[in-house]
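The values are calculated or read from the model by the stated rules, or taken from the named source; none is laboratory data. Since we're looking at a predicted model, the values are computed, not measured. As a convention, Cβ positions derive from the backbone with ideal geometry for all residues, glycine included, and neighbour counts pool all protein chains shown. Note: areas computed on protein heavy atoms with side chains; ligands, DNA, RNA excluded. Shrake-Rupley method; radii C 1.70, N 1.55, O 1.52, S 1.80 Å.
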Amino acid sequence: MNSLTGTRALARLAFRLDRVRLTVWVLGLAVMPMGTAANYLSLYPTEADLRAVSAVLSNPSLVALSGPLFGLSIGGLTAWKIGVTEFILVGLMSLLTVVRHTRTEEETGRLELIGATVVGRYAPLTAALLVTGLVNLAIAALIALGLLATGLPAAGSLAFGLATGLVGMLFAAIAAASAQLTQSARAASAIAGAVLGGTYLLRAVGDTGPTWLSWLSPTGWALHLRPYAGERWWVAGLFVGVGAVFAVVAYALVARRDVGAGLLRERLGSAESSPALRSPLALAWRLHRGLLLGWTIGLALTGAVMGGAAAGIGDLQSPNQQLTDILTRMGGNNGLTDAFLAAIFGITGMVAAAYTVQAILRLRQEESSGRVEALLATPVGRLRWAASHLTFALLGTALLLAAAGIAGGLGYGMQVHDIGGQIGRLLGAALVQLPATWVLAGFGTALIGLAPRFSALAWAALILSVLLVELGALFGLSQWIVDATPFAHVPKLPGSAFTVTPMLWLTAIALALGAVGLAGLHRRDVPVA
Amino acid sequence: MTEAIHVDALVKTFGPTRALDGLDLSVRTGEVHGFLGPNGAGKSTTIRILLGLLRADSGSARLLGGDPRRDAAELHRRLAYVPGDVTLWPNLSGIEVIDLLGRLRGGLNAKRRDELLERFDLDPRKKGRAYSKGNRQKVALVAALASDVDLLILDEPTSGLDPLMEEVFRQVIREEQQRDGRTVLLSSHILAEVEALCDRITIIRDGRAVETGTLADMRHLTRTSIEVGLAGPVTGLDTLPGVHDVQTHNGTVRFDVDTSALDAVLRHLTTVGILSLTSQPPTLEELFLRHYDRTQADEKPQTRVTR
Ligand SMILES: Nc1ncnc2c1ncn2[C@@H]1O[C@H](COP(=O)(O)OP(=O)(O)OP(=O)(O)O)[C@@H](O)[C@H]1O
Ligand SMILES: [Mg+2]
């Protein structure tokens, strides 16, 4: 038996286990660029239209959000509009897939079951990388073909597909290394995810300030590969080189460590337990605090960077109609800076909702892992148990939105010398997102109460909401479809008038969904595997 | 109150699976009650219904005089539970889990906890994910045993313990037995453990109780194998009630006899004259195998298990 024996069988198993999940990812990632391009072709049919819109996109604030616009063409515009989103999502898909088939398998002990059969030492890692590699190859090919079919130039289409696939493979390699560090799959994903978020911020800062910073960021490289704008193929070498380093590190660590062990040693806890650990809420705090802290830091940093970048929008000599139109569509119609900030906080709300969903689903994880059984055999009732986790989903989201708002206020306020005033304004802009995130919390609770095996659909609801809000207008969907998402009803602050009615509606819907879910949970069998 | 647990005609289905099919179970206050049955017989399901986690389709269950679901909070103050599959929170240390569960139950005896930690030789400072299967089980056991409760519900609590720890467990349960009014429901596959600890046992199969009573009662219902050397030929042995599988070989007769018919059979043999006699009482394994094995249990009259 050599160290790779069994790789093929493991890879086949991974495809079998993930067939639905991966298919959805591949199709979603492949369709987005094609749809965007098709849409731009009809929106800006002439060279003059293109010139008009492109002139305004060199604006620093938009550059911070999506990167610089390199090429004056439909292709260039498409790559700019969808590029960063695509890169982040493909990175996320890759790192989650690799961790799921390496560290998660190890943590749950399933790998041991497999390891006892004929499986080489490097087989699980190789299989995970192989699967993720094939998926990224499929994504890259479909993107290139789709863009080509829309009528865009071949070289650029290939370059954009390549850039997406390379970002995916790089984060697969990064996740392969991070999965060797910790014993917990959750921590491994968190580390790789933090790297991904960090590269986005680094690029945002670099693209608006010292350019070399964006050259430190893989999401930056993907843009610097310049699809449709004089492709620089050599940038691909950066991905290959750095990816190879991470892969080598991962393999070296696998060789060195025991199955189940991490490189970061587990410390022993204290011989006494804290007297405060005496309620379901205290337990929930222990289970949620790491996640909450990580998200709070991440959103605060993003808020600060974007707040700082917002001041740049005023640099524009003559604010022109085209930019105003774009930003109005994204964020409301009272002044460019406010529109930009409103757009940023709209996005922040949706990102924060990812935490909300994650926190709600902890409830379900506690159940499916079987841990809840011992807890519910004490006088703690199910509703109290559920409430302890809901507290973190609901108030935790408030906390991280507040952090983003305050940090954004600091970042922007420092530029315009009005820290106090801006903190207040942007804190408001962040917190108005809260009721919309609560609707997702309510939806998640309803799933857990009524259809626990399908709780993961809470993620689907979030992704669908984001796609509808972000791309609905672009794809010309009717307003009522877009209105079905909670985020479509959030007042666009700062700038627009604050209206309380939609907030109350959203809160009421969230409460109703939550109540239905809790009633279901109260009645049904626990645990449902 | 003389019954800590009373279950009557309990039915529970999971989709097409009929996990419990009219189960009866009665556990007297103050006894250690063994709960046995092959894999998938419905032991854990019964226990989960008793804890109010699952809802029965029909039938009734009473626990410490209350309704498992309606009175869950009060009842759970008076009981402690060790699940069959112990999973711990990966980032909580053993002592934190023990203290948390104890405090939620309304307090635990710290002295008793430390004594148990020592006896079970458990390092309580490790994080949940760092414990081996047996050690996870010890964490749950210490958490349950350190609380002062009326009822202990233990679902295969020793399936991961080494023989040394198994012995500690037996001692601890025996001590519990000494304390008045403490009831233990012990689901187990370890027959020696059941024999050593249980006052009464219930065997279930396919969601139904097939046997209940003391071990002595059950032994009585089984057969003893006899090998006897006789002074002369014997007649009419195989027509005596309760005698099975008679084989004669050079003056040595081998047969099985229902324990209840032993007396009459031996009287019959002494009329011929006994030269030598070996008898083998039914082993516990035989007793259980008879109930566990579907094909044998369904056969009537029962034939002896040969190994
Ligand atoms: N949540 C569930 N969904 C579907 N079927 C279940 C569920 N829980 C138990 N069952 C089924 O009910 C039956 C009884 O299971 P149970 O866990 O009670 O058995 P057990 O006696 O505890 O077995 P073991 O000795 O293996 O622990 C089995 O056939 C099992 O597959
Ligand atoms: Mg069981």
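For this structure, a couple of remarks:
- By the helix-only formula, in which each DSSP H run with n ≥ 4 contributes -39500 (n - 2.57) and the sum is divided by residues, chain B has a 222 nm mean residue ellipticity of -9000 deg cm²/dmol.
- Cα centroid of the range A:122-149 to Cα centroid of the range A:158-218, whole Å: 17
- Kyte-Doolittle at least -1.0, axis length at least 27 Å by Cα - qualifying DSSP helices, chain A: A:19-43, A:74-99, A:123-150, A:154-181, A:185-208, A:235-256, A:280-310, A:336-368, A:382-416, A:500-523
- Evaluated over the range A:410-528, the Cα radius of gyration and Dmax, each in Å: 17.6, 58
- Trypsin sites (Lys or Arg not before Pro) restricted to the range B:18-56 and DSSP loop, no more than 16 other C-beta within 10 Å: B:R55
- 20 Å-binned pair-distance histogram of the protein assembly as shown (Cα, whole percent): 13, 37, 29, 14, 5, 1, 0
- The calculated 222 nm mean residue ellipticity attributable to helices in chain A amounts to -24500 deg cm²/dmol, summing -39500 (n - 2.57) over DSSP H runs of n ≥ 4 and dividing by all residues.
- Cα point-scatterer Debye curve for the range A:1-262, base-10 log of I(q)/I(0) at q = 0.11, 0.12, 0.13, 0.16 Å⁻¹: -0.61, -0.70, -0.80, -1.11
- Semi-axes of the equivalent ellipsoid for the range B:174-245, Cα gyration tensor, largest first, Å: 38, 16, 10
- The magnitude of the dipole of the range B:3-216, with charges of +1 and -1 set on the Cβ of Lys/Arg and Asp/Glu and taken from the Cα centre, is near 700 debye.
- Taking a sphere under 15 Å around the Cβ of B:L275 and counting the other residues whose Cβ falls inside, with K and R at +1 and D and E at -1, yields a net charge of 0.
- Charge tally in the Cβ shell below 15 Å around A:S73, where Lys, Arg are +1 and Asp, Glu are -1, A:S73 excluded: 0
- Extension gain, A:A48 to A:L268, is 72.5 nm, computed as 0.36 nm per intervening residue step minus the present C-alpha separation.
- Listed residue (B:V149, B:L164, B:V86) projecting farthest to the positive dipole end of the range B:3-216, Cβ model: B:V86
- Within chain B, percent of DSSP bridges classed antiparallel, to nearest 5: 70
- With the convex hull of the Cα atoms taken as the outline of the range A:235-305, the averaged projected area works out to 9.1 nm².
- Per residue solvent-accessible surface (Å²) - the range B:3-216, probe of 1.4 Å: 37
- Occluded residues from the range B:127-157, i.e. those whose accessible area drops by 50 Å² or more once the chain is not alone (1.4 Å probe): B:K127, B:R129
- Förster-model FRET efficiency, 41 Å R0, A:W505 and B:D57, C-beta, rounded to 0.05: 0.55
- Trypsin sites (Lys or Arg not before Pro) within the range B:117-209: DSSP coil, no more than 15 neighbouring Cβ in 10 Å: B:R179
- Interface burial in the range A:505-529 reaches 50 Å² or more for A:D525, comparing the full protein assembly with the chain by itself; accessible area from heavy atoms with a 1.4 Å probe.
- Accessible solvent surface per residue of chain A, calculated while the other protein chains remain in place, 1.4 angstrom probe, Å²: 41
- Charge tally around B:T13: other residues with Cβ under 15 Å, Lys/Arg +1 each, Asp/Glu -1 each, net +2.
- Entries of B:K43/B:K138; B:K12/B:K133; B:K12/B:K126; A:K81/A:K492 with Cα pairs more than 31 Å apart: B:K12/B:K126
- Over the range B:219-303, equivalent-ellipsoid semi-axes from the Cα gyration tensor in Å: 25, 12, 11
- Here the calculated FRET efficiency for A:H522 and B:R18, from their Cβ-Cβ distance with R0 = 25 Å, stands at 0.50, rounded to the nearest 0.05.
- Once both labels are positioned 7 Å from their Cα atoms along Cα-to-Cβ, the gap between B:V246 and A:D483 label points is 9.4 nm.
- Under conditions of 10 °C and 1.306 mPa s, the range B:152-272 yields 90 µm² s⁻¹ as its translational diffusion coefficient, taking Rh as the Kirkwood radius over Cα pairs in the Stokes-Einstein equation.
- P(r), alpha carbons of chain B - 10 Å bins starting at zero, rounded %: 6, 24, 27, 20, 12, 8, 3, 0
- Rolling a 1.4 Å probe across all protein chains gives B:R254 an accessible area of roughly 120 Å².
- The range A:379-524, accessible surface, carbon-and-sulfur percent (1.4 angstrom probe): 75
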